[in-house]
Each structure stands twice: as C-alpha cells, then as structure tokens.
Amino acid sequence: MVSRGFGYLLAAAGLLALAGCGGASALPHSNMASNGMAGQAGTVLSLSGDGIQPDSAEGVGIRLNGESTFKSAHYGVVLGYFRGVKSTVSQVVQLTANTRVIFMNVDASFPHTASFLGNATRNNAPFPPTFNGGSTQSPAGTLINTPMFSTGPLSPGQHSLKYNSGPPGFYMFGCAFHYDSHGMRTVYIVK
C-alpha cells in the first residue's frame, strides 16, 4: 500500500513537472504591446523582438468573444475577422495583393484558425454548409488562397507565421473550431 501511494505521488509530481514545461511561456511570444501589434485597425503591423525579422505586414485580427457580427449585402453575416487588431465589429477584410499578412488571435478565451474555404465572387460567397477547410499550419510565405491553407490553431494572443495575400480575388475564410458552431467566417477581398 505504501509503495502504491508513493507511485501515485511520483506520477502526480511528473505530471506537474510536464505541465510546467508546457505553460504560457512555451507558446510563441504573443504580447501585443511589445511586438508592435497594438496599432489602430487598418494599420500596418511591425513585428520585432520575438524572433520575427523587423519588417511590416498587413494584419488581420481574429476574435469570437465580444465580437459583433456584420451583415454584408453581398456575403451575408460575417463574424470573427477584421482588419488590424482592435475592432470589435467583424468585417469583410480588404488586403493589398501580394503583400505579407499576419493573423493575430486577439481573443482572450478561445483558439482560432484562419482557414481558406474557397473562392467567392464580387457579389456572392457560397459558404459551405459545414467547415471544409484545413486546420494544419501552412508554411510561412504560403499564398492565402492555396487549397487547404490555414494558419493552424492560434492560441489566445498568438500571431501566425507571415503569409502572402496572393493575387487579387475574393476568398472565403473560416475558423476550424467555430465555423459550424458559431458561423465564424468572412471574405477577404484582395486588391
């Protein structure tokens, strides 16, 4: 009996040690103020001090908790995505063609993805009835309109790798975790 209790104690200590190794400090650096991401909506973001080369990229914020929907005349209700990092109203997001883009999960509660779901048009987004995109992180530099493109899961406060906005077009995006349950989706208009 004593050895069994001691074994449980050792197992619990081992689990605590492992949990300590996987805490928030093990996540990619995500302090918005220290990495320059606390700019106004629509601003160009400069990411430095976290192992990312000091240059700029267009930023897309991702949030579900506290985010308001927006009803687009062309694309219907969109939720959870917006230009910059401060908006609390979801948007159809406009990006500049062939520029760097970084996605930032500014939600305090949930992990999210930005995953390509297919092409939209100037006047319509035939969103799939259920999530049909990827959830595995695409390599840095990937065009966001690549089939199965995804940022991969972004923890609260975490930013993505740098991707390329790609050629002009209309692209449907959604969250692998919240598309089916909350309708978390938008259209990126790349000009």
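The values are calculated or read from the model by the stated rules, or taken from the named source; none is laboratory data. Fair warning: this is a prediction, and the values are worked out from it, not measured in the lab. Cβ sites come from the backbone with ideal geometry, for glycine too, and all protein chains shown count toward neighbours.
At a glance:
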read-out	value
Pairs with Cβ under 6 Å, 6+ apart, first in region 85-100 and closer than 18 Å to Ala140 by Cβ and in contact (Cβ under 8 Å) with a residue 12 or more places away in the chain, second among the basic types (Lys, Arg) and part of a loop (DSSP other than H, G, I, E, B)	Arg100/Lys162
Options Phe131, Phe177, Phe170, Phe127: the member that is outside any loop (DSSP other than H, G, I, E, B) and in contact with a strand residue (DSSP E or B) (Cβ under 7 Å, 6 or more places away or on another chain)	Phe170
Enumeration of residues in region 135-148 that are crowded, with 20+ Cβ neighbours inside 10 Å and over 15 Å from Asn98 (Cβ atoms)	Ser138
Qualifying residue in region 150-165 (condition: within 20 Å of His74 (Cα to Cα) and at pLDDT 95 or above)	no
Any hit, region 181-189, residues being assigned to a loop (DSSP other than H, G, I, E, B), among the basic types (Lys, Arg), surrounded by 15 or more Cβ atoms within 10 Å (Cβ to Cβ) and touching a residue at least 24 places away in the same chain (Cβ under 8 Å)	no
His159 surrounded by 23 or more Cβ atoms within 10 Å (Cβ to Cβ), closer than 22 Å to Phe70 by Cβ and either out of contact with any helix residue (DSSP H, G or I) (no Cβ under 9 Å at 6 or more places or on another chain) or not aromatic (Phe, Trp, Tyr) (or both)	no
